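In what follows, a structure is listed as structure tokens, so that the remarks can point back to it.
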Amino acid sequence: MQDDVQEQAQILLSVEACMACLQILAAPGMPKQVYKEELIDRLVGLVRFHLLHNVLVFYDAALCQAQRPELLKPGAPWSLTS
């Protein structure tokens, strides 16, 4: 149980760091040297991963079946079904 809480906290911190970085990059007047392609790719990749695996699966049953089928098994600890 404690490991799950720590893992969730790490995920939340990584997403918050990603959002802070994106806000810095979106600030007006930022020099072009700040815009590193690898950084932007990783930020977008992190957001995309968590949207697909941790957010959108709760809104779209087909996506849930494809990305997180364990959520649909009855009796599983994080099951969406009773």
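The values are calculated or read from the model by the stated rules, or taken from the named source; none is laboratory data. Bear in mind that the values here come from a model prediction, so they are computed numbers and not experimental data. Neighbour counts are summed over all protein chains in view; Cβ atoms, including those assigned to glycine, are modelled from backbone coordinates with ideal geometry.
Points to keep in mind about this one:
- Considering Leu13, Leu46, the condition of being touching a helix residue (DSSP H, G or I) at 6+ places or on another chain (Cβ under 9 Å), of a type in the set (A, V, I, L, M), in a helix (DSSP H, G or I) and at pLDDT 85 or above is satisfied by Leu46 alone.
- Residue satisfying all of: in region 49-79; among the aromatic types (Phe, Trp, Tyr) and not in a helix (DSSP H, G or I); modelled with the lowest pLDDT among these: Trp78
- When Cys18 is tested against (1) modelled with pLDDT of 90 or more; (2) in a helix (DSSP H, G or I), exactly one condition is not met: (1).
- When residues in region 22-37 are screened for being outside any loop (DSSP other than H, G, I, E, B) and under 22 Å from the mean Cα position of the chain (by Cα), 5 of them pass.
- Pairs with Cβ under 7 Å, 6+ apart, first in region 27-42 and of a type in the set (Ser, Thr, Tyr), second surrounded by 10 or more Cβ atoms within 10 Å (Cβ to Cβ): Tyr35/Leu25
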